[in-house]
Each structure stands twice: as C-alpha cells, then as structure tokens.
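Heads up: the structure comes next, in structure tokens.
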Amino acid sequence: MPKKKKVVHQRPRHHLSPKTQGAHADPKRLPERIFAILANGQPLLEEQLLKKLNKGRSPDKSLFRIYAQYRKEGWLVRTESGHISILVRPGHLRINPRGFGFVMNSEYPQDDIFVPARWFQGARHDDEVLVWYRKTPDGLEGRVMDVLSRATTQVTGRLDRNRMGWRVIPDDPRKPEVEVVVPKHEKVRPGDMVQATITEWPLDPRRSVRGELTKNLGNPFMPGVDVSVVALEHHLPLEFPPAVLKAAELLPAKVRPEDYEGRLDLTDELIVTIDGADAKDLDDAISVKALDHGLFEVGVHIADVSYYVEENSPLDLEAMERGTSVYLVDRVIPMLPERLSNGIASLNPGIPRLTVSAIMTMDATGEVQHVEFHRSVIRSKFRLTYEGVNALLANQQDDVHHLRPFLETAVTVRNILRNRRIARGAIDFDVPESKVILDANGFPVDVVLRERGLAESIIEELMLLANEVVAREMIDKNLPGLFRVHEPPGERMEQFREMIGALGYRLPESLTPKHLQDLINRVQDKPEERVVNTALLRAMKQARYQSENTGHFGLAADEYTHFTSPIRRYPDLWVHRVLTTYLEGRLDEQTLSRWRSKVSVVGEVSSLREREAMDAERDSVALKEAQFMADKLGEQYDAVISGVTNFGLFVELPNLIEGLVRLEDLPSDYWVFDPVRYRLKGQRTGREYQLGQTVRAEVIRVDVAMKRIDFRLVQDNESRIKPKRRQKV
C-alpha cells in the first residue's frame, strides 16, 4: 500500500474576508457574506451591515430587496437597539438516509436544527459543523456554514472502475465516494471490498473526495468480509502490530517456579470457572464455602494480567488504545493477543494460573465482615458452562453431580447478595437479548432470545460483590483508582415520564433507583414490558470511567469499580496494576504522582472505546438480522409497537428484530402524531396506533447495506383473507 499522505482540508469559500469579495457579488453568495461579517457574534446597526455588504457605498435596490427578504424569513435578528445579529451554533450533522439532516448539540438536547440537503455545503454525516439557523413555526431550521472537523477519515466500500479511474463506493450513501489511485502491483478487482483513507476534501462539494487504498478485504461474498467491513467502519483494528505480537511471543507458555514467589497458594482449593460454552478467555474463577455461625467464604479469583503486561510496554500501550475486547456477531476482536488472552492468562482447568484473589467473609444478610486481597496461584478444578450448570441445577443432567453441594452453596450466596442489592434499591434490568445463529459460512440461519439462568446470575452477583469491595479498598487506601460511575437520570427522564404516562404509569418527581425498580415490577409480564424496560434503559445516563468516585445510581452502590475482567477491559487492568503494586509495598511517591496525573486520561479513553465497541457490536447484529430477514418478504409476524414518531412506527418481533412501518405504508388515512400520548391517530377512521400495542406486521422491504427492515401493518380481516406463509421468529 502507498505511504500515508497528509489530509488536505480546504476551508469553504465563505470564510474569505468580505473585503476580498466583489462589491456586487452574486446574490446567491449573500448568506456567506453576511455570515463572514456577523459570525464573530458582534451585532451591527443595519446601516453598518448594509455598507459592509456593499463595500461602503449605499445599497442598491437589489441588495436591499434580498437583505429585506432575509430579515423577513428570520435569518437576521433585529434587537431593540436596532442592531442586527445572527443565530449560530456548533454541533454534529446527522444525515437521514432520505436526504435531510439535523444538527445536534448535547447542550441543547431539545433543540435539534433541521437542515435541508441543499444547505449541507459539502458537510457529511457526523461532521462537526457551524450552522446558521433561524426560528420557524415548525422548529429550528439552518444551513451549514463551516465544517469544523470531519468525522470520516476512512471509507470502506465496493471498489469500482470507470473511464475516469478507480473509486470506492460506500454502502452508506451518507458517506462520500472516494477517488483512489491503485498501484500497479496491487491485486484488486472491481467489486472487491476495500478501505480508503481520505487525503483531500475538495473546496467545491461537487468535486470528488480523494484518497488512497489502504486495505483490500477481497470478495464481499467470502465468509466474514461483511463483518470485517463493520469493524473497519468503527475504526476497529483487525490485526495486532508486529511489535505487539513479538512481545506476546516472549511471554512464558506456563507458570514457572519463580512465579510462585510471594503468592498465596490456592492450587488445592475447589475453584471453578463458569462461562459460556464458546468462551476462550477465562479470566474469572470462583470458590464458595459455608462456614460456622451462618457465615460464608466467597473467593473471586481473577487472572493476574498486570503481571504479564508491564506499564508502557507494547502490550500495555496497544491494550490502552483498544480499551476493550469487541464481541462482534461472528468473532472477538481481542484487547490482548491470543497467546495472552487465550493462553497464559486464561484460567484453563487443571493447570496452575496466576491470579489476584479477593477472599470475602460475609454473613447471612450479605454484609461483608472481612476481606483479604492476595496475589495468588490457583488450579481451576472444572471448566463449567452456563448451560451445564443451569441443567444440573434443574436436575436435567448429573455428569458433575459431585459439584451439586458446591453449586447449591453458590446459589444460596447468590440469593443473599441479590436480595440485599434489590433491598437497597438497585435496578434489576431484565432486558432480553437476541442471539444470531450463524452457519459455517457466516450466514444467519436463526435469531433467538439469549437464555439467562441461575448460572449467569451466580457469576454476576459474585463479580458485583468483588467490584464493590475492591472499590472500597481503593478509596480507603487513597489509591489512584478508576471507578465505574453512573449518574442519576437527567433530561431524558422527562421524556420517559411522558412516554409511560401515555401508558398509564407515573413516577414521583424525586427519583430513586427503587422507584424505577418498582416500575419494572409493575410492567412485568404485560405487553408493554419490553418497551418500557428498553425506553428506561435509554433514558438512563451511560455509565463511564473516571478517577473520582461518585457512586453508581443503577446499582445503588456508593462505590464501584471494574476489577473482574482484565483480559478484555483496560480499566480492570489498571485497577489490578494499582492494587497489586500497593499490596506488595512497591507504590512509591513518584509512581503514585504519575498515576494520579494519568488516570483521568485512561478513564476518558476507556469510556470512548467502550461506546465505540457497543456501536460496532450493535451494527454487526443489525447486519445479520437484515440478512436473515432479506428472504422473508411477504411473511407476517406478531409484533409490538416499540416506538411512535411523526414519520411512522417501530415494531419489534418476539426475537427482538426491529423494523420501521413508514407513514406512507400505514393504512390509507390522514395520520396525526400525538407526542404526548405516543400514538398515531387516523383523522378519517379514528384508528389509533400506540406504544406497546400488539399488531400483525408484514415484511415489505429489506436494505441489507443500510441494515434496515421495513414492515407494513396487516389488518385483521386482511390477515384472514390473504394468509401468508409464516416463519417462526
């Protein structure tokens, strides 16, 4: 591939000084000239503005007529003192696939600015822009006047060749086509899926964006290529750099005698791992014992990844840059190389592994009476699976029946911890997840609900307990910890109140986690349960990592961190490094000072990488769901209305596949959107469609490239008269 070039970003012409533009410039350029004069926020008297627009001379009739039109349309704001100003705001341009866009700014969550396609001025989807806007009866409307920063630096798409040369055509029409030069030695074919890095954004939006070919994924119909495209679109690395792989190869293949030094030897203890059947990076193990006087000893033993990953080494720097492992629909993009994540750090059964252990003594109410932290060595006795443990506890299999007493003690501990957590007000979201079943070629053959049983809950409760006690230790010892914080709900909660109000539910003004859990209990087993739970989850603020502990609202926890997954999350690796350095008495003032100045950056990067990973995981599932539904045109399903908007309805199938019923695909009527009751009402027929309502939906369009599924609603009589072939979903 050619060497990377510097990106050329030419600034739009409206940034030229007004003095450099002709006195009687094209009237179509008037907005740019006004913006150049008033964008600094300094208002001018009308006479001053007109003179500047006409280079000091009295304005002619044509200029004054156009100027008066802009005043009338609301683009120019006149103050009581007679000064003229404009409304300007930065934000991110989000372009709808149908062509129009909105400029959004988190500081103004209720005031998105509508931008018609003709006023994009070369801006692209997700670009940070400066928009000049006006107030209209229908809301705010604006025009992009400057691109502050480009969101897209790379484009993944289909390679095409015409008489002008090679170009990359993205599946997403909101992204630009890129002209590329393909080196003669590069073996590519038209139709290959490739990645191009943009090197030049043109001044004129009608001209082509230029770039260079940086990766060839090959034939789009080869297994895995489609998900690789998703990964690249989210800037996820598909390979490790050579220096990182070399560092991993230098790691020992097994625990050495010298590694035991200073560690607590737990190799004779009954310690097991419980994970999914296909998991390979086993980073947590548990032990439980019933003691005298109603006490329990709970051990959580976590892979000692920081022992192998030294600070600022190639492995450490790459792990921090990645932030997290990413679990796409057909693969894992790991944070650490396989030799470490699936090898020496993975707690495979029957062999010694280095760990960091939190050993807790708790009473029958879940109160922790004593806790110890150790660098340790374990030998996992069994590699159990969620499916196997759930079957054993349900008396459906007995191949490890001798572990029944151990697992029943674990269930008792789980019940105690869960009851304690719920009693203090923690929110227990029971939002189901879908699982895409793929064949050997990566094609989806089914989409099912992911089952969750006692085994998953045992691990969840024990990991929550360990995370809390470690957070408490970091605070008590004043260590530079990285905490997992979750703030109380903000403005989105008001929208959620309106939504559930339309369904007949109410929440008190002063919210606690317990109030939200009570709501979850009230909607349980009702048609609107899934809709309410999902909307509540979206109304909550997103948890993040930061150096200051401010508590976790959703868990109703005063202190919380992430300690239990250092193979796949960098914050856990950071916490391990700090805690073990302290335990061994090696935390000097110089190291302490360096970590305190660094921890905030680690938190910000980790939070950002987590959000990117979640988006990529969601997109990979949506892609396979669209592929699964592509041959289901004309088939009908029971569904629930999961969203109501002014452009249609969102419906969700029993297996959680979601799609849109566009307004134009609804039965013939004049449909009016009621944002208070979250419903669409037909003015002619009086028919209503409301959030949480059960309906019958037929698949009518599937756009795999855009990961979009369209439905139409089937009338009761129509469903009886013209039955379709039904597919169980």
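Each reported figure results from applying straightforward, stated rules to the coordinates on display, with no laboratory input. None of these values were measured; they are calculated from a predicted model. No Cβ is skipped: glycine too gets one built from the backbone with ideal geometry, and neighbour counts run over all protein chains shown.
For the range 449-562, what's the relative contact order in percent, using C-alpha pairs closer than 8 Å and at least 6 residues apart?
Computed value for the range 449-562: 45 percent relative contact order.
Average projected area of the Cα convex hull of the range 154-220, in nm²?
Value for the range 154-220: 4.5 nm².
Using DSSP H assignments, which helices in the chain have an axial alpha-carbon span of 27 Å or above and a mean Kyte-Doolittle hydropathy of 0.0 or higher?
TM-like helix candidates: 454-476.
Taking H placed 1.01 Å from N in the peptide plane, check which residues at least 5 places from residue 209 or on another chain put their amide H under 5 Å from its amide H.
Answer set, sorted by chain and number: 179.
Arranged by the count of other C-beta atoms within 10 angstrom, fewest first, what order do 46, 32 take?
By the 10 Å Cβ count, ascending, the order reads 46, 32.
Sort out for me the Cα centre separation of the range 587-616 from the range 387-414, rounded to whole Å.
39
Can you give the Rg/Rh ratio of the range 630-721, where Rg is from the C-alpha atoms and Rh is the Kirkwood radius?
Over the Cα atoms of the range 630-721, Rg/Rh equals 0.95.
For 567, 333, what's the fewest-to-most ordering of other Cβ within 10 Å of each Cβ?
333, 567
Any idea how far the Cα center of the range 261-311 sits from the one of the range 445-475, in Å?
14
I need the phi-derived Karplus couplings for the range 540-547: 6.51 cos²θ - 1.76 cosθ + 1.60, θ = phi - 60°, integer Hz, Gly and Pro marked x.
Whole-Hz 3J(HN,Hα) from phi for the range 540-547: 6, 6, 7, 5, 8, 9, 7, 7.
Where the only charges are on Cβ atoms (+1 Lys, Arg; -1 Asp, Glu), what is the dipole of the chain about its Cα centre, to the nearest 20 debye?
With Lys and Arg at +1 and Asp and Glu at -1, about 4120 debye.
From Cα pairs below 8 angstrom and at least 6 apart in sequence, can you work out the relative contact order of the chain, rounded to a whole percent?
This gives 9 percent for the chain.
Using θ = phi - 60° and the Karplus form 6.51 cos²θ - 1.76 cosθ + 1.60, what ³J(HN,Hα) does each residue of the range 81-97 get, whole Hz, x for Gly and Pro?
Couplings: 7, x, 7, 10, 9, 10, 9, 10, 8, x, x, 10, 7, 10, 9, 6, x Hz.
So what's the back-of-envelope 222 nm ellipticity for the chain, counting only DSSP H runs of four-plus at -39500 (n - 2.57) apiece and dividing by all residues, rounded to 500?
-9000 deg cm²/dmol
Give me 498, 461 ranked fewest to most by other Cβ atoms within 10 Å of their Cβ, as a rough exposure proxy.
By the 10 Å Cβ count, ascending: 498, 461.
When only alpha-carbon atoms are used, what values of Rg and Dmax, in angstrom, describe the range 373-511?
Considering the range 373-511 through its Cα atoms, Rg and Dmax are 20.5, 56 Å.
Could you pull out every residue, at least 5 positions away or on a different chain, whose amide H is within less than 5 Å of the one on residue 650? Hs are placed 1.01 Å off N in the peptide plane, and Pro or chain starts have none.
Close amide H contacts, sequence-distant or interchain: 642, 643, 644, 645, 661.
By how many nm would the segment from residue 400 to residue 135 grow when fully extended, if each residue of separation counts as 0.36 nm and the alpha-carbon distance is taken off?
88.5 nm
Given 289/381; 435/624; 632/681; 175/707; 215/280; 280/381, which pairs have Cα atoms separated by over 18 Å?
632/681; 215/280
Rounded to the nearest whole Å³, what is the per residue volume of the convex hull around the Cα atoms of the range 73-164?
Dividing the Cα hull volume of the range 73-164 by its residue count gives 152 Å³.
Just to be sure I understand, if you calculate Cα Rg over 2.2 N^0.38 Å for this structure, which of [x] 1.10; [y] 0.94; [z] 1.24 do you get?
This structure yields the entry labelled [x].
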